[in-house]
1. Quick one: dipole size for the range 1-120, taken about the Cα centre, charges +1 on Lys/Arg Cβ and -1 on Asp/Glu Cβ, in debye to the nearest 20.
2. Add +1 for every Lys or Arg and -1 for every Asp or Glu among the other residues with Cβ under 12 Å from the Cβ of ILE66, and state the total.
3. State to the nearest 20 debye the size of the charge dipole of the chain about its Cα centre, where the only charges are +1 on K and R beta carbons and -1 on D and E beta carbons.
4. With every protein chain present, what accessible area does MET46 have (1.4 Å probe, heavy atoms only), rounded to the nearest 10 Å²?
5. Which one, TYR19, TRP145, VAL105, is farthest towards the positive end of the dipole of the chain when Lys and Arg carry +1 and Asp and Glu -1 on their Cβ?
6. Given DSSP loops and a limit of at most 14 other Cβ atoms within 10 Å, what is the longest stretch of the chain that contains no such trypsin sites (Lys or Arg not before Pro)?
7. Counting alpha carbon pairs within less than 8 Å and at least 6 residues apart, what relative contact order, in whole percent, applies to the range 21-130?
8. Taking only protein heavy atoms into account and a 1.4 Å probe, give the accessible area per residue of the chain in Å².
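The values are calculated or read from the model by the stated rules, or taken from the named source; none is laboratory data. Since the model is a prediction, treat every value here as computed from it, not as a measurement. Positions of Cβ are generated from backbone atoms using ideal geometry, with glycine treated the same way; all protein chains shown enter the neighbour counts. Quick note on the areas: whole protein, heavy atoms, side chains included, nothing else; ligands and nucleic acids left out. Shrake-Rupley method; radii C 1.70, N 1.55, O 1.52, S 1.80 Å.
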Amino acid sequence: GSHPAISEDRYVRYLVMGYEECLLWWDRHGRYYFHDKEDMANFAGMQIEQYLEHFLELWPGCEHAIIKEPWLTAHFPALARLMKEALFVVMARDPRDIAVSLLKVGAKLEKKGQDNPHPRDDMERLGKYIHVSYTTLFRTPRRHWGGRLAWVRYERLVTDPQSVVRQIAALTKLALSAYDPVAAWPGWDDGTVESERLGGSYRSEFWGKP
């Protein structure tokens with residue numbers, strides 16, 4: 001989910017990847033289990049919708065399932081095909097800043113004795129890692145989205161958050177007029193956010209701060 005009090009969702013991505021994998025191997029596998037590709041898409045979409053309904057039931061008072069997970073971005077085109085009413089917001093950031101951030105993450109992991117997926121001596125690999133999400137979106141025709149996709153510049157969110165909030169509100173029709181860019185993030189009853197409960201190398205000291 002996108003609430004700071006809970007960690008990012010991965011299950012939606014796993015469900016979409018199952019559909020993509022079956023579509024890739026349709027002639028060899030998929031055609032034996034579904035009437036046709038449309039039947040498979042309908043089934044996969046139903047699975048995701050049921051999961052999101054279940055998620056909302058776990059959090060009474062929540063009206064919308066807003067899923068934020070960076071690795072899900074590359075699967076947005078497939079997700080848009082499966083969920084006809086879903087809306088998509090892509091955060092675009094200067095790739096150089098993404099690289100610096102990931103190098104810091106890698107250094108933290110290394111310090112903990114863990115695998116470093118972003119070593120400084122393999123910038124080509126790091127570039128491909130950053131490139132993959134955007135490439136999938138750039139190769140998808142605009143008509144595929146039907147007006148359900150918005151691009152947000154990370155740098156603009158930092159310098160002019162209110163204009164970005166208005167952009168997102170216009171797309172989603174969410175009531176965001178009360179948004180306060182300098183207020184602390186909501187968390188658990190003790191005031192902490194999930195990063196303070198679990199820690200994590202992908203979180204910086206600015207996480208959860210106004």
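1. Numbers: 15 positive and 18 negative charges, 152 e Å.
The calculation lands at about 720 debye.
2. -3
3. 760 debye
4. 80 Å²
5. It is TRP145, whose Cα lies furthest towards the positive end.
6. By the stated rule (loop sites, at most 14 other Cβ atoms within 10 Å), 29-67.
7. On the way: 43 pairs, mean separation 17.0, N = 110.
Contact order relative to length: 15 percent.
8. Averaged over the residues of the chain, the accessible area is 68 Å².
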